[in-house]
Every structure is written in C-alpha cells, then in structure tokens.
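Take a look at the structure below.
The values are calculated or read from the model by the stated rules, or taken from the named source; none is laboratory data. Computed from a predicted structure; not experimentally measured. With ideal geometry, Cβ positions are generated from the backbone for all residues, glycine too; neighbour counts draw on all protein chains shown.
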C-alpha cells in the first residue's frame, strides 16, 4: 500500500500522470510510450511497491476490458474489404502459416525437450495468440501508413480468432489424452471442440448484429459527441455480453468495427475515428499501465528450459511462418521480411486461454483423480504469465523496428526534443 492513506481513484489519477511522464521518457529513448506505461505499472503493482493490491486490480479490471474492446474495434475498423483485396491472397497464407508455424514449432520443440506430449500440446496451442493492443498502440503512436501497417491490422485481428480455434481443438485432444482409460474420454474432447465452434460463431454473429445496429444509428447522428456515446455504449454492450455468456470480447468488437468499415456509406468509419481520436490515448495508457501491474517479473528466473524454449520456438515459428506464408502467397518482400517481427507481443488472450486451461484441468483432475492434470494447468499458467513479460517488452520494440525498416514511419516523425530543436 502507499505510504499514506489514499483512495483508489486518487491513486489511479496519480498513476496516470506518472505514466504520462514515463511514456514521454520512453519516447526520448526512442522506445514506444507503452513500455513506459508498463514499467510504471510494474513499479506500482504487487511485484514491486504494491501501491495497487490484487483486490484493487480486480476492481479495476473493467477498465482493461473496455480498453481491449476499443482496441478490437479499432482493428476491425481498419479491415475494409478493399484494403484486404489490395494485399492479395498472400495475407491469408501468412495468417495461416504464422499461426500454425508457432503452434507446430512450440509443440515440437517442447516435446523433444520434455517428452510430455499433453504439456507440449497445451503450450503449442497458446503460442499463436498475440496481443493486438501492443501492435495497434505502436501503429497509432507513430502514425504509420502502408502495406505492412494494413497487413499487421489484419494479422493481429484474424490470428486471434484462429488461435482460439487451434486452442479449442488442441485442448480437446489434451483432455482426450489425459482421460484415456476413463468412460469420458471421447465425450470430453467433443464437448470442448463443440464449445469452441459455438464461441467463435456466436461471437462473430453477435458482433455483426451490433455493428449493423451501430451503423443504422450513426446515419442519423451528426454530432461527434453523440457518435462517441453510441459507440462507447455498443462496445460496452458487446464486452458485457462476452463476459456474461463466455464469448470472445475481441471477436465481438472486431466484428463491430469490420461491419462499420465495410458499410456502404463509407464516411461512417471516418466519423467514428474522429469521435474516438481524443479518448484512445487515455485508454491505451490505462490498458498498458494496468497490464504492467500484472506482469510477474519475479517468476522469470524460475522458468528454466521450458520457458526459454517456448520463447525461442514461438519467435521462430511466427517469423518463419510469416515469411513462408508470404513467399507462398506471393506477398511483397517487405511483408515477408518484417511482418513476423510485428506480431510477437503476447499477453491478454494467451493468459486468458491459459486461465481457461488451468480451470478445466483442475476440474478434470478432481473429477477423475488425475493429479497430473492440476499440476499441468498450474505450470502452464505460470509459464505463460511470465513469458508474457518478455514478449510485452520486446514485442513493441520489434514492431517499431519492423515498421521503420519497412519505411512506414513518417520521415518527419521524431521525439519531442528533436522537434523543439527544429527551426520553424
């Protein structure tokens, strides 16, 4: 707790102001601002000064969900069919091969290392999931434009949907393997697979309906303030229904943005961007500040070979898969070389899926007296939470590097100090 009594709201206000300063410092060091926000979150969180207790973070979790909803909406709003068509079929092969590349690389490397196929399969199933918030934050901060930027929006949006599919079927296989010799073996696998398909289909359908309703309302509104209110309410509604019915918050809100981007009256998406331009910087700051408080840095030294192998195999699988997918699909050399570097961040979705895995494996172990199932769930959650520290620190830096090498960061973009030194 702080050294003197302070309310949670006052503490959050202090943290926001301090995070702004840390973000500016990161920019001065040629790093994305979000690393500064996350660093302050680590300092204020349970891992260091403990200003934010676990109970406080639980009460503030709705802020993270709202911010992630806006991130998902932003991704969807950039995915116009016209821009995807310009990218060509290469984007499809990139999404498929970078996701399955990470899955196969992690599963194979960990199996060679441990000889434990269920453990390897769970880690492999979590590898394709990315952290779209980090990639989108870097893109917006540096105001990048170009084919790599458009491709990154598409990949971080669609690969989370594909990651959920891969996880669902892989986890069904894990349960089947663990239940071998019990009457529930086949039933358990089919139940997980069916639930996965239902979650994805229902999330996309609900997001499409909400998006269509949003478009109809926006055609009757003229004030940017009113548009922001309606948009905010739509994202809250979608995120709330995702939590209530165990659906995908990212897929629902991404579908809302996708419908808006492809609505016949194309000006709607531009009005939505204008309405949200003022609030997004604050939401990004809050998201990464609170994300930093959850990073379990003290757990890093205890990861051992499994954690190191996971980091290296996932990195190689994503970068190699993206390059091979671009090669097969005939994508630009720029996409082949740099897209994989822009999608390494991993946090929320992977940690969420690992929480699901732990919960189900603990229940499975209790129901069928399988102590190994519960320990597997705990090991996976600890490792994914800890390796997320590595990916959340390195990912944004590499995203900025990739966009810079691709020539999509505006040449006149510079730090505040450099701009002050320029003559008018």
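Assorted remarks:
- Single residue of 394, 383, 366, 402 found to be modelled with pLDDT of 70 or more, over 18 Å from residue 34 (Cβ atoms) and either buried (at least 17 other Cβ atoms within 10 Å of the Cβ) or within 27 Å of the chain's Cα centre (by Cα) (or both): 383
- Test for residue 119: is it surrounded by fewer than 24 Cβ atoms within 10 Å (Cβ to Cβ), modelled with pLDDT under 90 and closer than 17 Å to residue 326 by Cβ: no
- Where helices (runs of 4 or more DSSP H) sit wholly within segment 214-313, those with at least 2 residues that are at pLDDT 85 or above and under 19 Å from the mean Cα position of the chain (by Cα) occupy 224-245, 249-261, 280-293.
- Flag for residue 120 being more than 24 Å from residue 390 (Cα to Cα) and over 18 Å from the mean Cα position of the chain (by Cα): no
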